[in-house]
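Engineer: What follows is a single structure, and I will ask about it in a moment.
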C-alpha cells in the first residue's frame, strides 16, 4: 500500500513538473473536454467520434500520462507502447507532426527513424513504436515488433488488414500488471470492426460539434451538406450505421426521401409496441402528408416519421413517454399492440391520461409480413424521415427476418404507426404542423 502511494505521489509530481516545463516552452496546459476524460476503469477504451472531435489529442495525452506513470516493466525500461494506425505515415503524423503529437507533449520525447523502425523515445527509457497495417508486410512487422504494455489503436475502422493486425497486436499485449488499449476511430460498418468493437470494456462517443476549437463556419458548411444523411451520422456524429445483408431497409432507401422539417399533415399518431421481457418499448410518432412537397409519388398520400422515443422502460415510463409525445405533437391518437400486455397496455395509458384517444391493435401475422406493405411505401418513396432517427434507422438496416434473434420493437412501432395512417382517410388538411396545444381543439380531440 505504501509503495502504491509513493508511486502515485511521484506520478503526480512528475505530471506537475512536465506541465510546468511545457508552460515554460509556450505550450498551453491540457484542459480536456468532458468527452476526452478517460473512464475510471478500463482495459480497452474505444472512443468513437466524428471528424475533428479531438480523438488524436485525447489518445496522445492518455499515452503521455501512461509513459510518465508507474512503471509497467522496470525502472530502467518503464513502458513499451505501440501506436498502430492505418498506415505507417498516419502513425508518424500522430506521433510527430500534428499539434497534439506525442513528441510535442513531453519535452523529453524524441521522434526517431532508423532501419529498426520509427519510434518516439523518452528520457525515462520508455518507447512508443509506430506501426501501420496497410500491407501484409506491415502485419508481419507488427508480429516481430516486440511485446508491449499499452497500445494506441488509431482509426481502427480504417485498418486495411484489421483482423490480422488486431490479432498480432493482442499476442504482444502482455507486459505489466494491466495491459491496456485506447482505440480512437470514426466508425465504419465493417463486420471485422463490429466484432472488435464488441470486445471493448468501455465505449464513449463524441461528435464534431463537441469540439469548440473548430472553425464554426466550416462546421456549419459540413452540417448544411451532410446533416440528415447516413454519411453525416457516421462522419460528423460518430454513429455506427451498420447494414445487414437481407435487411428489409437500406440506408440509401431511407436517405433518399429524408426531409429536414415536417410539412403540413392531416393526422398524427403515436404507436407503442410494449416491451416483452427485457426488450425495449417501441415508441414512434408518424404523420400523414396529403400533399407532399417532395415532388415524388404523384398525388398519393405520403407519410412522415417524426420521432423515435424507444428505450428500455418500465410500464409507467413508456406510458408517460407515449402520452407526452402525443401531447407535444398534438397527435390524433395513440395506437398500441395488445398481444403480450392485453388490457394492461390500455390501462397504463389511461392511468396517465384517461381521455387520450386510444386504439388497440393485435398482431395476427408475423413481423415480416406486417412490415412488407410499409417497406413497399418506402420503395414507392412515400415515407419521409424528419431529420435523423439514429436508433430506429440502425434497427431498420440491421433486422433480418427469420435470422435476427432479437425483437425489433422500434420497427414494430413504426409499422403500427404507418399502417394506422395508411388505412384511414385523412381529415381536412391543416395549414401547417404546429406544436401549439390549442391546435388540438381544431382537430376535435
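Bear in mind that the values in this text are calculations on the coordinates, not laboratory data. These numbers come from a predicted model, not from an experiment. Quick reminder, even Gly has a Cβ in these numbers, built from the backbone with ideal geometry, and neighbours come from all protein chains shown.
Engineer: Roughly what % of DSSP beta bridges within segment 2-225 run antiparallel, to the nearest 5?
Structural biologist: About 25 percent, rounded to the nearest 5.
Engineer: Taking the Cα atoms of segment 259-398, report the difference between the largest and smallest coordinate on each principal axis, in whole Å and largest first.
Structural biologist: Here the spans come out as 43, 30, 26 Å, largest first.
Engineer: Rounded to the nearest 0.05, what FRET efficiency do residue 73 and residue 291 give with R0 = 51 Å and r taken as the Cβ-Cβ distance? Could you check?
Structural biologist: 0.10
Engineer: Tell me the angle of helix 367-379 to the major Cα principal axis of the chain, expressed in degrees between 0 and 90 and rounded to the nearest ten.
Structural biologist: It is inclined by approximately 90 degrees.
Engineer: If R₀ is 22 angstrom, what is the calculated FRET efficiency for the pair residue 314 and residue 261, using the beta carbon separation as r and rounding to 0.05?
Structural biologist: 0.10
Engineer: Rounded to the nearest whole Å³, what is the per residue volume of the convex hull around the Cα atoms of segment 218-314?
Structural biologist: Cα convex hull per residue, to the nearest whole number: 154 Å³.
Engineer: Percent antiparallel among DSSP beta bridges with both residues in the chain, to the nearest 5?
Structural biologist: 35
Engineer: Tilt of helix 216-226 relative to the longest C-alpha principal axis of the chain, in degrees (0 to 90, nearest 10)?
Structural biologist: Value to nearest ten degrees: 50.
Engineer: When the convex hull of the C-alpha atoms of segment 2-225 is computed, what volume per residue in Å³ does it have?
Structural biologist: Given the Cα convex hull of segment 2-225, per-residue volume reads 129 Å³.
Engineer: Could you give the distance between the Cα centres of segment 395-422 and segment 88-138, to the whole Å?
Structural biologist: 48
Engineer: Return 75, 188, 195 ranked ascending by Cβ neighbour count within 10 Å, so the fewest neighbours appear first.
Structural biologist: So the residues, fewest neighbours to most, are 75, 195, 188.
Engineer: Where does each of 350, 267, 141 land when they are ranked from fewest to most other beta-carbon atoms within 10 angstrom?
Structural biologist: 350, 141, 267
Engineer: Here's another thing I want to ask about it. For the chain, what is the relative contact order in percent, using Cα pairs closer than 8 Å and at least 6 residues apart in sequence?
Structural biologist: It rounds to 15 percent for the chain.
Engineer: Rank the residues 399, 406 as a footprinting-exposure proxy: fewest other Cβ atoms within 10 Å of their Cβ go first.
Structural biologist: Placing the least packed residue first, the sequence is 406, 399.
Engineer: Which three lengths, in whole Å and largest first, does segment 328-417 cover when its Cα atoms are put on their principal axes?
Structural biologist: 37, 29, 21
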